[in-house]
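See structure below.
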Amino acid sequence: MLEKIKAIDKKLWVFIGLFIGIVFAAASAQALHYTDSADFCATCHPMETAYSSFNDSVHADLTCNQCHAPTDSIVSKYMFKAKAGAHDFYMNTFNVDEIPDVIHAKQATTDVVQENCISCHENTIKTVKHDAKENCIDCHRQVPHGKKNKYKNDEFFKPGEYDISGREDGV
């Protein structure tokens, strides 16, 4: 049997190795993509209310980590995810009784969320006066994880006749 394996052409071994590498890379990429999803995050976090309100929000087309993980580089994103994931794994495995009903973001997460809010809403920040609080979530904590439909009554879905820019010319 060993002789038959040794007799296989080296080009075939290279092909087999490349094929296995491609399959492994594709599976890894799919797994990493899945770890960004709300479905994955909800498997550990006690977040039924946050999950359902997120699905009803204007941000529902985003992944959790588009807000909750660094987006400046793939390295910083996966380092942040690894650290948070290790903490979550530890808590859900060894300290499940100490997990609070409401999870509050640590300072590192608050900083990341702030950076991501600004990167997506930069034009709004330039046109609307935002000097009331230090962070976006100080005023917008309920976005997108607020109480279900708290701000989304019938008026929410109607086109507004007001100017959110704070400028008289509406620009």
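The values are calculated or read from the model by the stated rules, or taken from the named source; none is laboratory data. A quick note: this is a predicted structure, and the numbers were derived from the prediction, not measured. Note that each Cβ is placed from the backbone with ideal geometry, even for glycine, and that neighbours are counted across all protein chains shown.
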Count of the stretch 13-30 residues which are modelled with pLDDT of 80 or more and among the aliphatic types (A, V, I, L, M): 6
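Yes/no per residue for (1) out of contact with any Phe, Trp or Tyr (no Cβ under 7 Å at 6 or more places or on another chain); (2) over 25 Å from Arg141 (Cβ atoms); (3) loosely packed, with under 14 Cβ neighbours inside 10 Å:
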position: Lys11; (1), (2), (3): yes, yes, yes
position: Tyr34; (1), (2), (3): no, yes, yes
position: Ser37; (1), (2), (3): yes, no, yes
position: Asp88; (1), (2), (3): yes, no, no
position: Asp111; (1), (2), (3): yes, no, yes
Give the residue, chosen from Ser76, Ser119, that is at pLDDT 90 or above, exposed (fewer than 13 other Cβ atoms within 10 Å of the Cβ) and more than 18 Å from Ser37 (Cβ to Cβ). Ser119
Test: Thr49 is at pLDDT below 80 and either of a type in the set (Ser, Thr, Tyr) or touching a strand residue (DSSP E or B) at 6+ places or on another chain (Cβ under 6 Å) (or both): yes
